[in-house]
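Working notes, structure below.
The values are calculated or read from the model by the stated rules, or taken from the named source; none is laboratory data. Here the structure is a predicted model, which is why all the values come from computation and not from measurement. Cβ coordinates were reconstructed from backbone atoms using ideal geometry, including for glycine residues, and neighbour counts include every protein chain displayed.
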Amino acid sequence: MTAHAHVEEHFAGSNKLFISIWGWLVALTLIEIFLAYKPMPIHLMLIVLLGLSIIKAALIVAYFMHLKFERLSLILTIVPMLVVCIMLLFVFFPDSFRSAGLRYKFKENPPVAPAPVEEP
Amino acid sequence: MSTEARAGHFPAVDWEGGAFPYRVGHRKLGMWLFIVSDSLTFSALLIGYSYLRASNVWPTPFPFYPSIVFSSVMTFCLLSSSLTMVFGVSASSKGDKAKARKWILATIFFGVAFIVLHLIEWNHLIHEGLRPFYLPEHWVQAFTTTDGVPPSPLFGATFFAITGLHMFHVATGAVYLLVVAARVNKLKHEDIEISGLYWHFVDLVWMFVFPLIYIMSVDVGHHAGL
C-alpha cells in the first residue's frame with residue numbers, strides 16, 4: 001500500500017451537509033440585508049458586516065472548497081500567509097484619516113468657508 | 001538504534017510527505033496559489049476603496065429597488081451556483097460523469113444569471129448618470145454636507161472597478177466551466193475539483209464585495225458626512 005504517494009480521490013461531505021452550509025450562507029446574507037436598514041453607527045456596522053463576511057468566507061473555504069478535509073500542511077501553507085499579507089495592506093490605512101483631516105480642515109471651524117461663494 | 005541508521009526510511013514513513021507533502025496534485029496546488037494571489041488583488045482593491053471612503057465625503061445612494069433587490073438576488077444566484085458546483089464535484093468523485101456535467105451546466109446557468117442581473121443593475125446606474133469619475137447631479141446635491149463639501153466623484157471609479165473585475169472573474173469562470181463540462185469524460189476527477197475551487201473563490205470574493213459596496217452604501221435617508 002503506497003498511501004503516501006496516492007492522491008486522494010474521495011470527496012468528503014454529504015449533499016445534506018452542503019445544503020445545510022448553503023442554508024447558513026443564505027441566512028447570514030439575509031441578516032446582512034436586514035442590518036443595512038438598522039440605524040447604527042457606521043463603525044459598528046462595518047465590524048458586524050465584516051465579521052459575518054469572514055464567517056461566510058470560512059464556511060465556503062472549509063466545506064465548498066474542501067480545505068477542512070485537506071492536510072494540515074496545505075492549510076498552514078495557504079492561510080497564514082494570506083492573513084499576514086492582508087494585514088500588511090492595512091499599513092497605509094491611517095493615512096486616509098490624516099488626509100481627510102487635511103482636506104476638510106474647516107470642519108473644526110465651521111463658519112469659515114461655505115463652498116458656493118456668491119458675489120453680490 | 002542511531003539516528004543515522006533510521007534515516008533510510010524515516011522521512012517518507014513517519015512524515016508521510018515524500019513526493020506529495022500536501023497530498024494534492026501539482027495542478028490543485030497551483031490553483032490554490034493562484035487563489036491566494038487573486039485574493040490579495042481583491043483585498044488591495046477593497047482596502048483601496050475603504051481608504052478613499054474614509055478620507056472623503058462619500059455618497060450612500062443605493063435605493064432598496066433596484067440596487068439592493070438586484071444585488072441580493074445576485075448573491076442568491078452565486079450561493080446557489082456554489083451548491084450546484086459542489087454537487088457536480090461530489091458526483092464526479094463517485095465516477096458519475098454525466099451527473100457531474102448536469103450540475104456543472106446548472107452552475108453555469110446561475111453564473112450567467114448573475115452576469116445578466118449585474119449588467120441590468122449597472123445599466124440602471126449608468127442611466128442615472130453615474131460615471132467612473134462623475135456622480136449624477138442629484139446625488140451631488142443630496143450628499144453635499146452642511147459645510148458645503150461635495151461627495152467624492154470617485155464613487156463610480158471604485159464601484160465599476162471592483163464589481164467589474166469581479167464580473168470578469170464570473171465570466172471567465174463560466175467559460176472555464178463550459179470547457180470542463182464539454183470535456184468532462186476526458187478529465188480526471190481532480191481537474192473537475194480544481195475548476196470547482198476557482199468557482200467557489202469567485203463566490204467567496206462576492207461575500208466581501210456585496211456588504212462593503214452594496215450594504216454599506218444603502219440610502220437610509222439621513223445623510224452623514226464622513
Sole residue being part of a loop (DSSP other than H, G, I, E, B) and more than 30 Å from B:Leu154 (Cα to Cα), chosen from B:Leu178, B:Leu187: B:Leu187
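Scan region A:21-60 for residues that are aromatic (Phe, Trp, Tyr) and assigned to a helix (DSSP H, G or I) and jot them down. Please lay out each step first, then the result.
Taking region A:21-60 first, the residues aromatic (Phe, Trp, Tyr) are A:22, A:24, A:34, A:37.
Within region A:21-60, A:Trp22, A:Trp24, A:Phe34 qualify.
If I ask for residues that are more than 9 Å from every other protein chain (Cβ to nearest Cβ) and over 19 Å from B:His189 (Cβ atoms), which ones from region B:24-47 would you list? So that I can check it myself, show each step before the final result.
The first filter runs over region B:24-47 and keeps only residues more than 9 Å from every other protein chain (Cβ to nearest Cβ), leaving B:26-27, B:30-31, B:34, B:37-38, B:41-42, B:45-46.
Passing the criteria: B:Phe34, B:Ser37, B:Asp38, B:Thr41, B:Phe42, B:Leu45, B:Leu46.
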Just one of (1) β-branched (Val, Ile, Thr); (2) within 30 Å of A:Phe64 (Cα to Cα); (3) within 14 Å of chain A (Cβ to nearest Cβ) trips up B:Val149, so point out which. (2)
Let me confirm something: among A:Phe69, A:Phe18, which residue is crowded, with 16+ Cβ neighbours inside 10 Å, of a type in the set (A, V, I, L, M, F, W, C) and either more than 30 Å from B:Ser55 (Cα to Cα) or touching a Ser or Thr at 6+ places or on another chain (Cβ under 6 Å) (or both)? A:Phe18
Residue within region B:112-125 that is at pLDDT 95 or above, more than 14 Å from chain A (Cβ to nearest Cβ), over 28 Å from B:Asp38 (Cα atoms) and assigned to a helix (DSSP H, G or I) present: yes
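When residues of region B:68-78 are filtered for being touching an Asp or Glu at 6+ places or on another chain (Cβ under 8 Å), crowded, with 20+ Cβ neighbours inside 10 Å and closer than 13 Å to A:Ile33 by Cβ, how many remain? If you could, list the steps in order and put the result at the bottom.
First pass over region B:68-78, keeping only residues touching an Asp or Glu at 6+ places or on another chain (Cβ under 8 Å): B:70-71, B:74, B:78.
Those still in the list that are crowded, with 20+ Cβ neighbours inside 10 Å too: B:71, B:74, B:78.
With the extra rule that they be closer than 13 Å to A:Ile33 by Cβ, the set shrinks to B:71, B:74.
Qualifying residue count, region B:68-78: 2.
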Six or more apart or on different chains, Cβ atoms under 6 Å: show the pairs whose first residue is in region B:182-207 and more than 9 Å from chain A (Cβ to nearest Cβ) and farther than 25 Å from A:Glu32 by Cα and whose second is crowded, with 24+ Cβ neighbours inside 10 Å and hydroxyl-bearing (Ser, Thr, Tyr). B:Ile192/B:Ser92
If we scan region B:172-182, do we find a residue that is over 23 Å from B:Val112 (Cα atoms) and either of a type in the set (Phe, Trp, Tyr) or surrounded by fewer than 16 Cβ atoms within 10 Å (Cβ to Cβ) (or both)? no
Those residues of region A:60-74 which are more than 9 Å from every other protein chain (Cβ to nearest Cβ) and not basic (Lys, Arg) amount to A:Ala62, A:Phe69, A:Leu72
In region B:52-67, which residue that is surrounded by fewer than 20 Cβ atoms within 10 Å (Cβ to Cβ) and within 22 Å of the chain's Cα centre (by Cα) is farthest from B:Gly221 (Cα to Cα)? B:Leu52
So in region B:76-109, with the set limited to residues that are among the polar types (S, T, N, Q) and without any contact (Cβ under 8 Å) to a residue 60 or more places away in the chain, which one is nearest to A:Val26 (Cα to Cα)? B:Ser80
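Can you go through B:Ser72, B:Ser37 and tell me which one is touching a helix residue (DSSP H, G or I) at 6+ places or on another chain (Cβ under 8 Å), in a helix (DSSP H, G or I), among the polar types (S, T, N, Q) and at pLDDT 95 or above?
On the way: B:Ser37 fails: touching a helix residue (DSSP H, G or I) at 6+ places or on another chain (Cβ under 8 Å).
Exactly one of B:Ser72, B:Ser37 is touching a helix residue (DSSP H, G or I) at 6+ places or on another chain (Cβ under 8 Å), in a helix (DSSP H, G or I), among the polar types (S, T, N, Q) and at pLDDT 95 or above, namely B:Ser72.
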For region B:126-141, what are the residues that are part of a strand (DSSP E or B) and under 19 Å from B:Met167 (Cα atoms)? B:Arg131
